[in-house]
Amino acid sequence: GGATLPGYRLQERKAPREVSDLPAALALSGLEVPAFLSACKVSLPKLGEAYAKARGVPKATAAREVEAMLAGIIVEGTPSFSLVQSKE
């Protein structure tokens, strides 16, 4: 349901698939660690959470520390756009 906009349609995008068990994927792939790591992405929020837990610091502190440590290797992704209704 919902309203329609002339000339627009709702298009479903497939949800991205991901591996749920990285150590198992490494073992099953048969790849050497460097080759396997070249296919991996790191989520900064999740890395911050793991760092907070390991160091016993608040998540906000961990996020700042992780961002500072990795400042030279963090790259910004490409922004995406979606159609939203203006507030008028």
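Annotations for the structure displayed:
- Filter result for Ala71 (more than 30 Å from Gln11 (Cα to Cα) and surrounded by 10 or more Cβ atoms within 10 Å (Cβ to Cβ)): no
- Every pair of residues 6+ apart whose Cβ atoms lie under 6 Å, when the first sits in region 61-88 and is under 19 Å from Glu49 (Cα atoms) while the second is surrounded by 10 or more Cβ atoms within 10 Å (Cβ to Cβ) and at pLDDT 90 or above: Ala62/Gly48; Ala62/Tyr51; Ala62/Ala52; Ala63/Gly48; Val66/Leu47; Val66/Gly48; Val66/Tyr51
- Residue match in region 53-65 (condition: within 30 Å of Leu83 (Cβ to Cβ) and hydrophobic (A, V, I, L, M, F, W, C)): no
- Unmet criterion (only one of (1) of a type in the set (Ser, Thr, Tyr); (2) at pLDDT 95 or above; (3) within 26 Å of Val19 (Cα to Cα)) for Ser80: (2)
- Contacts under 8 angstrom Cβ, first residue in region 26-41 being under 23 Å from Ile74 (Cβ atoms), partner surrounded by 10 or more Cβ atoms within 10 Å (Cβ to Cβ) and not hydrophobic (A, V, I, L, M, F, W, C), 6 or more apart: Phe36/Ser29
- Number of residues in region 16-40 that are exposed (fewer than 10 other Cβ atoms within 10 Å of the Cβ) and of a type in the set (Gly, Ala, Ser): the value is 3.
- Some residue of region 49-65 being at pLDDT 95 or above, at positive phi and exposed (fewer than 10 other Cβ atoms within 10 Å of the Cβ): yes
- Region 26-88 holds helices (runs of 4 or more DSSP H) entirely within its bounds, and those carrying 2 or more residues that are among the β-branched types (Val, Ile, Thr) map to 59-69.
The values are calculated or read from the model by the stated rules, or taken from the named source; none is laboratory data. Quick caveat, the model's predicted, so the values are computed rather than measured. Heads up, the Cβs are rebuilt from the backbone with ideal geometry, glycines too, and the neighbour counts pull from every protein chain shown.
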